[in-house]
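Single-structure report; data block below.
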Amino acid sequence: MTRYIRLILVNVLLLLVTSCSTSQIPPSAAVDPDLEAKARAALQQLYTTTPNAKLLQSRAKAIVVFPEILKAGLIVGGEEGNGVMFGADGKVLGYYNATAVSYGLQAGAQSFQEAMFLTTDSAINYLQTSGGWSIGAGPSVVVLDSGTARSLTSTTLKSDVYAFIYGQQGLMAGVGIQGQKISKLGK
């Protein structure tokens, strides 16, 4: 019984640390070459494993890549990771942080990568100027898996944002209610 209480307390502490974490990039930092290199490598991995992601690249006005998001939970969970927004020309447009809190039947820990293809100027503007973008509010987001991505064509692309979750490692099982928030770092 004490083991379960200790596990729950560790998860609550993880949740608290994740929700109160500050950006790892100081406001005065103009660049983070390490994060940028990891984001470019993660994006290349997506293109290698999901060739139709290249179709989205040609249509995207910007791509936000989170090379590693860590997620853990036992009933209450949290996730956090930093990423980079690249313009259509590959230039870095900014650094972002993704966090989420979840509650439900869940247990475990995992890491994964996420790439969000922003296809409209309004989606880019919303992310750059809002105090934080909560998935489910603001521009419409379509989450793609490898099966859905295979059926993409230039005529089926009608959403503001397309997101890929890939490169999962670890074990996370269960169902939960979750909302991811993306905020600009160094603001």
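The values are calculated or read from the model by the stated rules, or taken from the named source; none is laboratory data. What you see is a predicted model; the values in this text were computed from it and never measured. Quick reminder, even Gly has a Cβ in these numbers, built from the backbone with ideal geometry, and neighbours come from all protein chains shown.
Tabulated data for the structure shown
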{"read-out": "Filtered residue count, the range 113-131, keeping only those that are out of contact with any helix residue (DSSP H, G or I) (no Cβ under 7 Å at 6 or more places or on another chain) and buried (at least 19 other Cβ atoms within 10 Å of the Cβ)", "value": "5"}
{"read-out": "One residue from 98, 62, 72 being under 12 Å from residue 182 (Cβ atoms), modelled with pLDDT of 90 or more and buried (at least 18 other Cβ atoms within 10 Å of the Cβ)", "value": "98"}
{"read-out": "Count - residues of the range 54-95 that are within 17 Å of residue 122 (Cβ to Cβ) and part of a strand (DSSP E or B)", "value": "7"}
{"read-out": "Residue ID - nearest to residue 117 (Cα to Cα), chosen from residues in the range 29-59 that are aliphatic (A, V, I, L, M) and either crowded, with 19+ Cβ neighbours inside 10 Å or in contact with a helix residue (DSSP H, G or I) (Cβ under 6 Å, 6 or more places away or on another chain) (or both)", "value": "56"}
